[in-house]
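The values are calculated or read from the model by the stated rules, or taken from the named source; none is laboratory data. All values reported here derive from a predicted model rather than from experimental measurement. Here the Cβ is made from the backbone with ideal geometry for all residues, glycine too, and neighbour counts use every protein chain on show. Only protein heavy atoms, including side chains, enter the accessible area calculation; ligands, DNA and RNA are left aside. Shrake-Rupley method; radii C 1.70, N 1.55, O 1.52, S 1.80 Å.
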Amino acid sequence: MTGFLVRRLLQAVVVIIGVMAFMFILIHLIPGGEARAVLGPRAQPVAIAQFNKENGLDLPLWDQFVRYLWNLAHFQLGRSYYLNQNVTQLIATALPKTLILVGISTVFAVVVAIPLGVYQVVRRNKPEDYIITGASFILYAMPAFLLGTLLILWFAIDIKIFPTEAPQAPTVLGVLSDPLGLVLPVLTLSAITIASFSRYMRSSMMETMTEDFVRTARAKGAAPRRVLYVHALRNAIIPIVTLLGLSLGTIVSGAVITESVFNYPGMGLLAVNSAFREDLPTLLGCTFVVTIATILGNLLADILYAVVDPRIRYAKS
Amino acid sequence: MQNPEDLVRATQQEQDGAIAGETGPLEDLDALSKELGGGPSGGDVVSHGGLGRRILSVFFENKLAVAGVVVIVAFLLFCYVGPLVYHTNQTSASQALFSPDNAPPGNGHPLGTDSSGFDILGRLMYAGQISLLVGFAAAAIASVFGALYGAISGFFGSWLDPVLMRIVDAFLSIPVLFLAIVLATVFRPSLTVFILVIAFVSWLIPARLIRGQALSLRQREYVQAVRVMGGSRTRIVLRHIIPNSIGTIIVNATFNIADAILLLAALGFIGLGVPAPQTDWGSMLSNGVNYALDGYWWEIYPAGLCIVLVVVAFNFIGDALRDALEVRLQQR
Amino acid sequence: MGLKGIRTGNPLRLGRTLALGAITLTCLSLMLIGTAGSAGASSIPTGGTKISGGTVRWAEPPGTPPTYIFPFMSASNESVDNIAQFQYMMYRPLYMFGFPSKNSTTLNPTLSLAASPTYGNNDTTATVALKNYKWSDGESVTATDVLFFMNMLHAETANWYDYVPGLFPDNVKSVVATSPSEVTFTFNKSYDPTWMTYNEMAQITPFPSAWDVTSTTAAAGSGGCSTGAYGAASTDAACTSVYNFLNGQSGNISSFATSPIWGVVDGPYTVAASKGGSFNSSGAVTLVPNTSYSGPQKATVTVQELPFTTDNAEFNALLGGNLDVGYVPQQDITENTSNATNPGPNNPRLTNFYLTPWVLYGFNYAVYKFDSTGDGGNAGAIQKQLYFRQAMQSMVDQPAMISKFLKGYGVPTYGPVPVLPKNNLVDAYEQSNPYPYNPSRAKSLLSSHGWKVVPNGVDTCQKPGTSPTECGADIPKGAKLDFTMAYASGTEWQEQMMTVEQSAWNSIGIKTSLESNTFPTVISDYGAPCMSGSPCTVEEGWWGGGWEYSPDYYPSGETLFQTNAGSNSSNYSDAKADTLIAATNTTSTSLDSYENYLAKQVPSIWEPNADYELTEVRNTIRGIAPQNPFANLFPEYWYYVKK
């Protein structure tokens, strides 16, 4: 197993460098170059020349790339001329908010989807199964901004149960102390994940139920429920870990839409705003940090999977 | 998100180093004989009489899949034949200036008009053309490119495989919408750029999946035999690996189309959508959502319904195709 | 939903022109408030018992939080959100323009820090007599503080957003503090006094000597910038150091509320944390009353400026009761109004609010590029022809588009001087709309100049040459009318107007292809004039924000239309226009000749100017409507009433 872990870690590092290279290339594709991106569209040619000199943009490309990697590794992500702040500062405020939203949504999705999947297996091919499957498909196909808007319309404006926006408090504690405000955003963000996870649970468990070892357990006289929960469920859950890792990227993407709809000042909103203002340092900084988070998340999922799956644990390194 | 099962399997293949065999000895002999005979071999190995028919029958047994196909065909007719039957002005904004805007259904406008005065029913057809076009084109490009990439990576192996796959990993780590936003910001938007951007975020999964297939096929004896006979690697990739993966490619492409439509809608919502005067269902929906609080339901639900129906239909079809694929795999 | 609303009704000032205005009809503006003349117009409530204190939650325009606190900034930090809606509340400009609760566009002597300048010596000198205002650290606002600004301006013209070569401070020979409360300016020649006051002196914001430092622990005045002689090299050097320090301080957003530097204010408000204020890096600002404000009206309400990314998010907050003064997005207006400055019927969901349209003193325009090499090399030459521009303008139906897409909340542009809010600089000729929508006139203009008009095709030049019936100079036979018009994406009404205009131009054979791009890109490509030496391939563009006359409060055109002017986006160059503009600056002739000439010339495509904001005010708040036409906020005049 250690061999596996080491391999994965090295892979992650390589991937991160790859992403950095990609961002470096992009910056150099912008017309006007980095100077215009940082100083803004109304910068004078004199200011641009000065910026280039100060930031070593007249150095050879390889040299620039190495400096760029060095800066990124130290989380010096540049400065947003538009918001007059360091990108790192901006991200430091926005990242925790997104982490809360994504974290709660993921946990909520898993907690709802697994029992839902099991329930569908227990009631397979009965009306309940079809209804839930149907609802899953529809939720999966509905654009997130539509779902979010409808939720706001129905439950925050027409019937005033929840507030119309996500908690606006500047600190993490502040956000968490306004749980009502988190309900609708979490529902919106977890909808797609619940839909796909429960579908997966259902089909995975159905598949497991036909496996040999389940038949053996039944033949040995195990009660159906024991078979279901102990054997089938345990085996079906293992791949959920992998699925979680893979879904992380999607959930974070979904956060972009959810944050926009609910005016929640997280990474997604920051990225969208920067895109609009062509504030490339901030946009790329956001993308970079979010990517690192996703890679770490994936790594964590892989480690968890390795711990849980005996085949890996006892595999030759 | 793509079909989870295949993805999980492909990822686990990565991790376990385990290689699952996907074709049986019958197919191997078939392929070998074709190779020896020198005859055309690009086709799907299974298009041999009974098996092909069995797959189709499994597919059509699935009522949901049939419904899906019906829905897609209906929408294609609606979008492309509809305008020939139901003429409305969808391009001249100055003409639309003179019709009432935000009008509820009635008075010659069965679904009302939008904020510019365009008839909504007609606009759904017009927008549908763009949504479906972008969906199909992006999925097609992504599938072709991804399949080739994955096949080459999996088959050639050695140092090429890890490098190519790490590149895929790098792009896969960047959450889809962020990647799309970055690309749409750096490259000035136009319809072609959109198709390419969406294709770019979509080719990664097919690449992973086909690479897995290629890995397993590489081990097959008949492939080794072809090598011994002097068949070039390109020939093997094009004539054996790709055709054997067609099933996976198609299933994946189906889900890709649905995701492309949703991604285009999300980009439209953010404001990085199809540039005017063209529009797609997603832009119609995000414009309509502006009026959610004003009660102009006809600007929201019809477009939303179109998206949901088409995406669900493609998902049904994809699911059924995948089940049918399992049938083929179970033929040993 | 969508972030399309980010720049709804939010004009971006491209630099600031100098404004000079005669007294407007304040009575008329007062009449506009209470009128219920138009059917279905809603009225602004009056009356109620005044309550002191309270907090007003004010919605910032979408996506634009204040980001810069130092009132000396370069173009990249110049914005309404930084200046008019943030800095001016704490650091008063020497001269204030516009009034609270009035549409007037003139100098406001009551809220200015000095009496109006007295001109002498054949209008080559100006004397400014300061009133007795105090800074919150106990110091008085003195002549040295004015000198401080002028010295810094002299040293750092490159970093001053409103710098025009040849004008302030280049045209100032000397600035001397003749007494602690009097400053004397000497200019390099004789200038029109009202132009000088409205467009040049208007740029001055006095700085406290507490800012004349190069570190937070240094003694006030130790920087040497406020005490040095104007124009001396040593003063310039000192001022550059001080500027660098203050600019650096202003780059640290999280310190705005805690820094001792920014806590020294002379305006009615402060963000100092020690007084209860705050500045949050996401853009949420709490401004508390400055108890040592020396002006005529001390503030009683605390203002919380709240950031929103989209106007729909703001609208949700408004409906949810989380705002006291917000705005209704353009698309949620349910019924038309008859006049851009009058509120029409309010959105029925907003029962606790009243609507008051916020109209700014500015105009909107799409630019030509007279040096363009587009359209096969002929774009520039064709655009230089007056008849062509007249034809283009005659296909723009402003009133219809305002009524349809802006629900009446927009002001048509007929020339460089705004027709609304009511002012007496706009004359009858301009107001009569020299180029109303008239397709047949447009067609005949083209055909009478040798073009073959092909509706929905492409017009071609059949008669090249320079006589009055021929196409014009440098236009070859067979030249096409085939242009690309770029516009900024994200604002629905602008997109709608662009598509309408496109099909109108296409219908008479002026083939126009639209290209949508992000706002920063369009501003950068089209806002800046084409530089000689680099190819000018762009043809036509509209960033949608238009021009707001602030702090160039006198619309005399030297920054917009004079040859080689910094904001002359089209590279428009006309000898007669130059002469007329020069006359407005240096003699006291009226604007009429300049204005009429430019209205006739149509150097840009005049476009409708949307209301800046459709403000929604809680029913229990008074003292806010109608709002200042230069986007200034005067919350010290706002108060709650008991219903």
Scan around residue C:181 for amide H atoms under 5 Å from its own, H built in the peptide plane at 1.01 Å from N, and keep only partners 5 or more places away or cross-chain. C:143
What is the set of long-range amide H partners of residue C:607 at a cut-off below 5 Å, with H atoms built 1.01 Å from backbone N? C:364, C:365, C:366, C:413
Total accessible area lost when A and B pair, probe 1.4 Å, Å² to nearest 100: 4900
Looking only at the protein assembly as shown, where both bridge partners belong to it, what percent of the DSSP beta bridges are antiparallel (to the nearest 5)? 80
How high is the relative contact order of segment C:81-212? Use alpha-carbon pairs under 8 Å, at least six apart in sequence, and give a whole percent. 29
State the answer as a single residue: which of C:374, C:340, C:350 lies farthest towards the positive end of the charge dipole of segment C:317-391, with beta carbon charges of +1 for Lys and Arg and -1 for Asp and Glu, about the Cα centre. C:374
Accessible area of chain A with a 1.4 Å probe: how many percent of it is carbon plus sulfur? 69
Leaving out ligands, DNA and RNA, and with a 1.4 Å probe, what % of the accessible surface on segment C:511-573 is carbon or sulfur? 48
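Could you give the size of the charge dipole of the protein assembly as shown about its Cα centre, using +1 on the Cβ of each K and R and -1 on the Cβ of each D and E, expressed in debye and rounded to the nearest 20? Please list the in-between numbers first.
Working: 77 positive and 91 negative charges, 699 e Å.
Rounded to the nearest 20 debye, it is 3360 debye.
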Hey, if we sort C:622, A:123 by accessible area with the 1.4 Å probe, largest down, what's the order? A:123, C:622
For the pair C and A, how large is the buried accessible area, both sides, in square angstrom to the nearest 100, if the probe is 1.4 Å? 2800
Simple spin-label estimate for residue C:298 and residue A:70 in nanometres, 7 Å along Cα-Cβ: 5.7
Accessible solvent surface per residue of chain C, calculated while the other protein chains remain in place, 1.4 angstrom probe, Å²: 30
Which value, in Å², gives the accessible area per residue of segment A:127-223 when a 1.4 Å probe is used on the protein heavy atoms? 45
If C:586, A:171 are ordered by their accessible area, calculated over protein heavy atoms with a 1.4 Å probe, which sequence runs from highest to lowest? A:171, C:586
With charges only on Cβ, +1 for K and R and -1 for D and E, what is the dipole size of chain C about its Cα centre, in debye, rounded to 20? 1160
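With the full set of protein chains in place, find how many percent of the accessible area of segment B:107-190 is carbon and sulfur; take the probe as 1.4 Å.
Heavy-atom surface of segment B:107-190 belonging to carbon and sulfur, 1.4 Å probe: 77 percent.
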Give me the accessible area per residue for segment B:203-261, probe 1.4 Å, as a whole number in Å². 34
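Return the percentage of antiparallel bridges among DSSP beta bridges fully within chain C, rounded to the nearest 5 %.
Roughly 75 percent of the beta bridges in chain C run antiparallel, per DSSP.
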Using +1 at the C-beta of Lys and Arg and -1 at the C-beta of Asp and Glu, which of C:542, A:242, B:281 has the Cα lying farthest in the positive direction of the dipole of the protein assembly as shown? A:242
May I ask you to find the residues of segment B:168-187 that are shielded by at least 40 Å² of accessible area once the whole protein assembly is considered instead of their isolated chain (probe 1.4 Å)? B:170, B:173, B:174, B:175, B:177, B:178, B:181, B:182, B:185, B:186
Rough spin-label spacing in nm, given labels placed 7 Å along Cα→Cβ, for residue B:61 and residue B:233: 4.2
Stretched out fully, how many nm does the piece from residue A:234 to residue A:130 gain, at 0.36 nm a residue minus the Cα gap? 35.0 nm
So what is the calculated 222 nm ellipticity per residue for the protein assembly as shown, using -39500 (n - 2.57) for each DSSP H run with n of 4 or more, over all residues, to the nearest 500 deg cm²/dmol? -14500 deg cm²/dmol
Helix axis angle, A:267-277 relative to chain A longest principal axis, alpha carbon, degrees: 40
Per-residue ³J(HN,Hα) for segment C:517-528, Karplus 6.51 cos²θ - 1.76 cosθ + 1.60, θ = phi - 60°, Hz, x for Gly and Pro: 9, 6, 4, x, 5, 5, 4, 5, 6, 10, x, 7
Signed unit charges on C-beta, dipole axis of segment C:60-155, positive-most listed residue C:93, C:77, C:63: C:93
Label point at residue C:182 placed 7 Å out along Cα→Cβ; residues across segment C:110-131 whose backbone nitrogen lies under 16 Å: C:114-121, C:125-131
Placing +1 at every Lys and Arg Cβ and -1 at every Asp and Glu Cβ, with all other atoms neutral, what dipole size does chain A have around its Cα centre, in debye to the nearest 20? 1200
Taking 40 Å² as the minimum loss, tell me which residues in segment A:1-25 lose that much accessible area going from the chain by itself to the full protein complex (1.4 Å probe). A:11, A:15, A:22
Compute the relative contact order of chain C as a whole-number percentage, counting only Cα pairs closer than 8 Å that sit 6 or more residues apart in sequence. 23
Can you compute the modelled spin-label distance between residue C:428 and residue B:84, with each label point 7 Å from Cα toward Cβ, in nm? 6.2
For residue B:63, counting only lysines whose alpha-carbon sits under 25 Å away and dropping same-chain residues fewer than eight positions off, the answer is A:126
Can you tell me the 0 to 90 degree angle between the C-alpha axis of helix A:179-209 and the longest principal axis of chain A, rounded to 10? 50
Please turn the phi angles of segment C:465-471 into ³J(HN,Hα) values with the Karplus equation 6.51 cos²θ - 1.76 cosθ + 1.60 (θ = phi - 60°), one per residue in order, whole Hz, x for glycine and proline. x, 10, 6, x, 9, 10, 4
Between C and B, buried accessible area summed over both sides at probe 1.4 Å, in Å² to the nearest 100? 2400
